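Worksheet: one structure, shown below.
The values are calculated or read from the model by the stated rules, or taken from the named source; none is laboratory data. As the structure is a prediction and not an experimental result, all values here were calculated from the model. Here the Cβ is made from the backbone with ideal geometry for all residues, glycine too, and neighbour counts use every protein chain on show. Only protein heavy atoms, including side chains, enter the accessible area calculation; ligands, DNA and RNA are left aside. Shrake-Rupley method; radii C 1.70, N 1.55, O 1.52, S 1.80 Å.
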Amino acid sequence: MSSTTPTPTQHRRNGGDLVVESLAALGADTVFGLPGQHALGVFDALRRSALRYVGLRVENNAGFAADAYARTTHGVAPLLVSTGPGALMTLAALQEAAAGSAAVLAIGSQVPLAGIGGGRHGYLHELTDQSASFRGVVKSVHTARTASQIPSAVAAAWESALSAPHGPVWLEIPQDVLLAEADVPPVAGLEARPRELLPRPELIAVAADRLTRARRPVILAGGGVVRAGAEAELLALAEQLRAPVATTFGGKGAFPWEHPLSLRSWMEDRYTTAFLEDADTLLVVGSGLGELSSNYHTFRPLGRVVQIEADLGKLESNHAALGIHADARAALAALVKEVGEREAGPDGDQDAPGSKAAGPGPGDAPSPEAAVSDLLARVRDRIAGQHLDLEQQVLASVRDALPDGAVSCWDMTILAYWAWSAFDPRRTNALHSAQGAGGLGYGFPAALGVAVADPARPVLAVSGDGGAMYSIAELATARQYDLPVTWLIVDDGGYGILREYMTDAFGAATATELTRPDFVALAESFGVPALRTTPEQLRTDLAAALAAPGPSVVVLPAHLRMFAPTHLDS
């Protein structure tokens, strides 16, 4: 037992109390985490606070739950963990939070002050420089070395997490500081003022002029639009310009799926890539045009690009553009005000974006809405020619079973890859996935985080059997808190997408086949209702599970395939 482990005694306020008081003063009402010896001071303080604690069974899963909670609430999600192994177990989740701009405030303990500084003192969980492990992952790293520093350190970390672009931050506090008596009054009136990231007016003026004068404007909306809550501004601008809108996988829900100007999310499609390339002015909002958003870097714009991006490192990182470093909502609102009526073309109408890709002759350009319809028809024909009826049937069944107000959280699995391109979220910000960092195990714990944020509506988690094994322990969490999460596990006997990748590349797959449990029996052993279904029965079984109270599991044995890539032919 550590010499600083507390012994039962009459409580005197300590550093742990300052942590929870600071979180509450800043507006937190829920924290996620998993206790450990060095962090017991702050966990004991939770007992004396009004904060709701949601404990998961693995730190990485706690991080995924906090990530989805932050995305759902557009606020800060505190995550409490211990030193060394507990802290390091959060790194994959914090990488996803960074990629997805989720404001997770991770607070970890540290060895006692005497063990900090690079020496090897032999404390349990000791690392030479624990915070160094986080600097390349999170937005900012913070420390508190005395109890009196804690409120200001928590406020600074909170402010950093919630400043645009949102993102995870790391704050560490030594064990003895958490246990030290705090000779200060209870925390009250603590403030954090996230920095506003407003666009420069002269850049907005130039961007508005280019968009107004464009004959074939197109908009590509990324996750930054969703994170900023800028859906209404995006819709207003698109309709003012009559500009078709494509959404990246992270931007799903940013634009109405069935809108006549919606190009949807077929980003891994050469027809879509060509449509975007053919725009004479392409407005990219909240996307860095990374690997997935650029069809694996095959995108080559023919016209001018205007890019709005809150993450400075992503601004013009892949393509030259008129770069506007700003929050998506603020910039789009400014553009809506500046952009005038579209200038009419010589024939009384503007050319449609994608006209060259669609193929009509000069003087016979379709309307923007017709060009969108033609593109989507081409995509449908391409998919229809690949005999993927089972995959489309399964995805349609999931869509039909999911109530409009429900949220879905997707792991890295073949059905999720289909969903990125072909799933209609039907409600703004109703789909979360791990496509930012691409780690396994996101779906189920993320769904738990969403359910904690809004327990009144059902939540769907989707995993493959390989990814599901990362999260099995959280069935206990779902049962303990009686969270309304239905977990769909598509069981194909292995890492399905890796099986496809290896077979295509090498002619055979290695290390992809898995022995797995009876998922139905395993779920039932946790007290969670479960059933095995078929593609034909999926819609009915999934709808019933989602309508039932509390957690449930639906297992679908099926071998799904991916649609053919188009970037390899570019």
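Scan region 41-64 and give yes if some residue there is touching a residue at least 12 places away in the same chain (Cβ under 8 Å), of a type in the set (Val, Ile, Thr), under 23 Å from His432 (Cα atoms) and open to solvent by 10 Å² or more (accessible area, probe 1.4 Å), otherwise no. Explain how you work it out, then say what you get.
Going residue by residue through region 41-64, those that are touching a residue at least 12 places away in the same chain (Cβ under 8 Å) are 41-46, 48-64.
With the extra rule that they be of a type in the set (Val, Ile, Thr), the set shrinks to 42, 54, 58.
Still in the running and under 23 Å from His432 (Cα atoms): 54, 58.
Cutting the leftovers down to open to solvent by 10 Å² or more (accessible area, probe 1.4 Å) gives us 58.
There is at least one residue in region 41-64 that is touching a residue at least 12 places away in the same chain (Cβ under 8 Å), of a type in the set (Val, Ile, Thr), under 23 Å from His432 (Cα atoms) and open to solvent by 10 Å² or more (accessible area, probe 1.4 Å).
So, in region 195-214, exactly how many residues are open to solvent by less than 50 Å² (accessible area, probe 1.4 Å) and assigned to a loop (DSSP other than H, G, I, E, B)?
3
In region 479-516, which residues are open to solvent by 70 Å² or more (accessible area, probe 1.4 Å), part of a loop (DSSP other than H, G, I, E, B) and closer than 18 Å to Leu531 by Cβ?
Arg516
Are there any pairs, at least 6 apart or on different chains, whose C-beta atoms fall under 6 Å, with the first in region 546-558 and in contact (Cβ under 8 Å) with a residue 60 or more places away in the chain and closer than 22 Å to Asp465 by Cα and the second polar (S, T, N, Q) and assigned to a loop (DSSP other than H, G, I, E, B), and if so, which?
Within 6 Å, the pairs are Val554/Thr533; Leu556/Thr533.
If I go through region 279-310 residue by residue, how many of them are in contact (Cβ under 8 Å) with a residue 24 or more places away in the chain, assigned to a loop (DSSP other than H, G, I, E, B), surrounded by fewer than 22 Cβ atoms within 10 Å (Cβ to Cβ) and at negative phi?
8
Can you tell me how many residues within region 387-435 are open to solvent by 40 Å² or more (accessible area, probe 1.4 Å), farther than 19 Å from Leu538 by Cα and in contact (Cβ under 8 Å) with a residue 40 or more places away in the chain?
Matching residues across region 387-435 total 4.
What number of residues in region 531-556 are open to solvent by less than 40 Å² (accessible area, probe 1.4 Å) and over 17 Å from Ala447 (Cα atoms)?
Residues meeting the conditions: 5.
Would you check if Leu542 is closer than 24 Å to Ala456 by Cα, in contact with a helix residue (DSSP H, G or I) (Cβ under 7 Å, 6 or more places away or on another chain), assigned to a helix (DSSP H, G or I) and at pLDDT 95 or above?
On the way: closer than 24 Å to Ala456 by Cα: yes; in contact with a helix residue (DSSP H, G or I) (Cβ under 7 Å, 6 or more places away or on another chain): yes; assigned to a helix (DSSP H, G or I): yes; at pLDDT 95 or above: yes.
Judged against the criteria, Leu542 is a match.
Just a yes or no: is a residue in region 28-38 part of a helix (DSSP H, G or I) and at pLDDT 95 or above?
In the first step, residues of region 28-38 are kept if they are part of a helix (DSSP H, G or I); the result is 37-38.
Now restrict to residues that are at pLDDT 95 or above: none.
No: zero hits.
Just to be sure before I move on: is Ala476 open to solvent by less than 80 Å² (accessible area, probe 1.4 Å), at negative phi and more than 28 Å from the chain's Cα centre (by Cα) in the structure I sent? Reasoning before the result, please.
Values: open to solvent by less than 80 Å² (accessible area, probe 1.4 Å): yes; at negative phi: yes; more than 28 Å from the chain's Cα centre (by Cα): no.
The answer is no for Ala476.
Just give me the residues in region 70-100 being open to solvent by 30 Å² or more (accessible area, probe 1.4 Å) and touching a residue at least 60 places away in the same chain (Cβ under 8 Å), in sequence order.
Thr72, Thr73, His74, Ala92, Gln95, Ala98, Ala99
Let's see how each residue does on (1) free of Cβ contacts under 8 Å to residues at least 60 places away in the same chain; (2) within 22 Å of the chain's Cα centre (by Cα):
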site	(1), (2)
Leu197	no, yes
Pro201	no, no
Ile204	no, no
Leu220	no, yes
Leu234	no, yes
Gly251	yes, yes
Pro256	yes, yes
Arg270	no, no
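Confirm whether His319 is modelled with pLDDT under 95 and in a loop (DSSP other than H, G, I, E, B). If you could, list the steps in order and put the result at the bottom.
Values: modelled with pLDDT under 95: yes; in a loop (DSSP other than H, G, I, E, B): yes.
The answer is yes for His319.
Out of (1) more than 24 Å from Gly27 (Cα to Cα); (2) surrounded by fewer than 15 Cβ atoms within 10 Å (Cβ to Cβ), what's the single condition that is false for Leu234?
(2)
Check region 39-58 and report whether any residue there is modelled with pLDDT of 95 or more, out of contact with any Phe, Trp or Tyr (no Cβ under 7 Å at 6 or more places or on another chain) and within 22 Å of Trp410 (Cβ to Cβ).
Within region 39-58, one or more residues are modelled with pLDDT of 95 or more, out of contact with any Phe, Trp or Tyr (no Cβ under 7 Å at 6 or more places or on another chain) and within 22 Å of Trp410 (Cβ to Cβ).
Residue-wise test of (1) of a type in the set (Val, Ile, Thr); (2) in contact with a Lys or Arg (Cβ under 8 Å, 6 or more places away or on another chain).
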position	(1), (2)
Leu475	no, no
Trp487	no, no
Val490	yes, no
Tyr495	no, no
Glu500	no, yes
Gly507	no, no
Gln537	no, no
Asp541	no, no
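Collect the residues in region 215-243 that are under 13 Å from Val336 (Cα atoms) and assigned to a helix (DSSP H, G or I), keeping them in residue-number order.
Those that are under 13 Å from Val336 (Cα atoms) and assigned to a helix (DSSP H, G or I): Glu231, Ala232, Glu233, Leu234, Leu235, Ala236, Leu237, Ala238, Glu239, Gln240, Leu241.
Regarding Asp269, is this residue among the acidic types (Asp, Glu), over 16 Å from Val206 (Cβ atoms) and open to solvent by less than 10 Å² (accessible area, probe 1.4 Å)?
Numbers: among the acidic types (Asp, Glu): yes; over 16 Å from Val206 (Cβ atoms): yes; open to solvent by less than 10 Å² (accessible area, probe 1.4 Å): yes.
Considered against the rule, which asks whether it is among the acidic types (Asp, Glu), over 16 Å from Val206 (Cβ atoms) and open to solvent by less than 10 Å² (accessible area, probe 1.4 Å), Asp269 comes out as yes.
Considering only residues that are touching a strand residue (DSSP E or B) at 6+ places or on another chain (Cβ under 9 Å) and either in a loop (DSSP other than H, G, I, E, B) or within 19 Å of Pro565 (Cβ to Cβ) (or both), which ones fall in region 434-449? Before the answer, list the steps.
Taking region 434-449 and keeping what is touching a strand residue (DSSP E or B) at 6+ places or on another chain (Cβ under 9 Å), we get 434-435, 440-449.
Matches in region 434-449: Ala434, Gln435, Leu440, Gly441, Tyr442.
Residues of region 150-160 being surrounded by 17 or more Cβ atoms within 10 Å (Cβ to Cβ) and not hydrophobic (A, V, I, L, M, F, W, C), which ones?
Pro151, Glu159, Ser160
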